[in-house]
Amino acid sequence: MRRSADRSGFPAVTIDATALRDNLAVVRRLAPRSRIVAVVKANAYGHGLVPVARVFAGADPHGAGDEAGQGVGHEVDPGVGQGVDRSAGQGAGRGVTQDVTLGVARLEEALALREAGIAAPILLLEGVFSAAQLQCAARHRVEIVVHSGEQIHMLEQFTGAYRFTAWLKLDTGMNRLGFRVGELAAARTRLSGCAAVAGMRLMTHLACADEPDSALTRAQIETFGAVVDALGGDALGLDEPGAGAPGAGASRLERSIANSAGLIAWPQTRLEWVRPGLMLYGLSPLAGRSAATLGLRPAMTLSTRLIALHRLAAGETVGYGAIWRAPQPVSIGIAAIGYGDGYPRGMRNGAPVRVDGHEARIVGRVSMDMCAIDVTSVPGVHIGSAVTLWGEGLPAEQVAPHADTITYELVCRITERVKRQWQGI
Ligand SMILES: *Cc1c(COP(=O)(O)O)cnc(C)c1O
């Protein structure tokens, strides 16, 4: 984890802070009356937890000027960012307001944010798993999801002075986390009686929001609305979050349903709170729609260079297992990237890459540190040619199916040894 002056290193992931901000602006346009939980779990979907969180909280990714910025291990692009107010955490007035809550899955992620000096509200999406974790969450002012009786019990036993914001989670059909419909009223009553709870919100999570016309999604939204009704709150207002304003009715609970796919495809899920993750990184959550048509720009570009170039005769093979055989004479470029960097071993022959901006294809098996590319049709190809695996010019959505996976997993599995550099700061 050192700052390096060598900007030629590869492979590298380049993260575009401007894209992150613009994607957040897309969320605001889609859900102008909703408040946002910007989800930064799993190292901000592989984009870098602390710097990404700083951007969503309205600051510079490096937290320039604070000590925390020194340990992040990324490079500063000196060519951009001039004229920007770099005071960390204060917001630099670039259209990013300060009302974003950061969503994480693990307490450790919340602590890393606090250690970096990030003061924004943080929501722990799975809540705490022990009394010790609850104390720690209190110490660091972390909001918690409450999805089980065990978690309520911990709150009842909590003796500290801190009072939590609790996000009561209803299971409307995903059957992963949350209280069942029949258990919710009792859970709410218990939580209301907890001295440790200052405020409560109600949330659920959709299983099939990415499927247009999903009957399950419709049922989940209906169930959520019915439960809200039964609790005496307002029914789901179609795209009318905040009608009546939180606090107008004392019993009214602020509500949250939407992840990225819900937010885009199911407007009735844009309630007082939305919880986008994937779309903030410029990736489309919907199978049939490209990120570009949604106004999103990929924040991550994964790139490397060719470190060798060969001419193969027809019939020769390349790489482990000799699984690909040249059908005619071809030029093969060896790229310095492999599954040790997070480029999946499962990536099949024919997966798209770009070499010096030209389309090319993966051939043979991806190994730990290298992979082979058919560069026969790339003009002027040479050792050192730039290779893009996904990102700018090659949406990850087009790459993921070639490894039988989804963009979420592609970006999450970038490994430690890949250099991370920032632009647009
Ligand atoms: C991860 C997560 C999200 C964000 O989901 P995306 O599909 O990335 O938008 C929202 N809510 C919860 C509870 C999550 O765990």
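Each reported figure results from applying straightforward, stated rules to the coordinates on display, with no laboratory input. Computed from a prediction, not measured in an experiment: that's the story for all the values here. Note that we place each Cβ from the backbone using ideal geometry, even for glycine, and neighbour counts take in every protein chain shown.
Brief remarks on what is shown
- Result for the chain in a Gaussian network model with C-alpha springs under 10 Å: among Thr172, Thr376, Thr101, the largest mean-square fluctuation is at Thr376.
- Cα centroid separation - the stretch 19-59 against the stretch 109-148, whole Å: 18
- Dividing the convex hull volume of the alpha carbon atoms of the stretch 326-425 by its residue count gives 110 Å³ per residue.
- Peptides 109-116, 256-263 ordered by average Cβ neighbours within 10 Å, highest first: 256-263, 109-116
- Local electrostatic count, Val387, Cβ distance below 14 Å [Lys/Arg +1, Asp/Glu -1]: -3
- Computed from label points 7 Å out along Cα-Cβ, the spacing between Asp229 and Thr18 is 4.9 nm.
- Dipole magnitude of the chain about its Cα centre (Cβ charges: Lys, Arg +1; Asp, Glu -1), debye to nearest 20: 260
- Orientation-averaged projected area, Cα convex hull of the chain (nm²): 21.9
- Sequence ranges 328-338, 13-23, ranked by mean other-Cβ count within 10 angstrom, highest first: 13-23, 328-338
- When peptides 35-46, 180-191, 204-215 are ranked by their average number of other Cβ atoms within 10 Å per residue, the highest-first order is 35-46, 204-215, 180-191.
- Furthest towards positive pole of dipole, Val375, Gly357, Tyr320, structure part the stretch 308-378, Cβ charges: Tyr320
- The chain - share of DSSP beta bridges that are antiparallel (%, nearest 5): 50
- FRET efficiency, 1/(1 + (r/R0)^6) with R0 22 Å, evaluated for Arg413 and Ala287 via beta carbons: 0.60
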